[in-house]
Amino acid sequence: MHESTQNLNNGDPMGTPLFLNLGDEGLDRDHAHLQDLILALLDSRPEEAADKLDRLRVHARAHFDREDGDLRHLGGSNAICHLDEHAAVMKSLDEVWAIIRSDETASAVVERLAKSLSLELLRWLPEHVGEMDAGLAAERTQSRFGGAPVRIARSFPGGSGRSQS
């Protein structure tokens, strides 16, 4: 595993990063697979990068298409922002893929682009999941069961998780 990603699982024995657990089985599974594909791209050799990125693009497009259907149904400004973010990520994936799959792109450039894109996606993913997909997961659960998903998390050292008044 790459040194910059060693702590992503936060000690979860199942290997699923805690920041990806929203209580929505489909979203959680998709996010974990998305992270695996990003890590595979990060660890790829230049001659593998185009194939690894293409697999990531295919999964991301399918995942975003599933989410986008729910978002269009929900509507509102949060949904529009979420849809725009998906489109921006896909644009980046497609642009980098077009460059690195070209036979004219030097190996060092492929390696640098794959690493930069991977690290940026690893920075982006937990933020996106926590801020945007958590809201979508809550809405999906609310519409199916009449309530929001319950998330159980460990308390952080030195605090109970409750604010002190």
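When only the heavy atoms of the protein chains count and the probe is 1.4 Å, how do 52, 115, 91 rank by accessible area, highest first? Please report the intermediate quantities before stating the final value.
Numbers: 52 50, 115 100, 91 125 Å².
The ranking, largest first, comes out as 91, 115, 52.
Provide the convex hull volume over Cα atoms per residue for the stretch 9-127, in Å³. Can you show the working numbers first?
Details: hull volume 12.1 nm³, N = 119.
So the per-residue hull volume is 101 Å³.
Quick one: how many Å² of residue 74 are accessible to a 1.4 Å probe, rounded to 10?
Ignoring ligands and nucleic acids, residue 74 comes out at about 80 Å².
Can you compute the label reach from residue 85? Point 7 Å from Cα along the Cβ direction, backbone N cut-off under 18 Å, restricted to the stretch 108-137.
What the label zone holds, given the 18 Å backbone N cut-off, is 118-137.
State to the nearest 20 debye the size of the charge dipole of the stretch 39-100 about its Cα centre, where the only charges are +1 on K and R beta carbons and -1 on D and E beta carbons. Don't skip to the end; give the middle numbers.
Details: 8 positive and 13 negative charges, 14 e Å.
Dipole about the Cα centre, nearest 20: 60 debye.
The values are calculated or read from the model by the stated rules, or taken from the named source; none is laboratory data. Here the structure is a predicted model, which is why all the values come from computation and not from measurement. Reconstructed Cβ throughout: ideal geometry from the backbone, glycine too, with neighbour counts over all protein chains shown. For accessibility, only protein heavy atoms count, side chains too; no ligands or nucleic acids. Shrake-Rupley method; radii C 1.70, N 1.55, O 1.52, S 1.80 Å.
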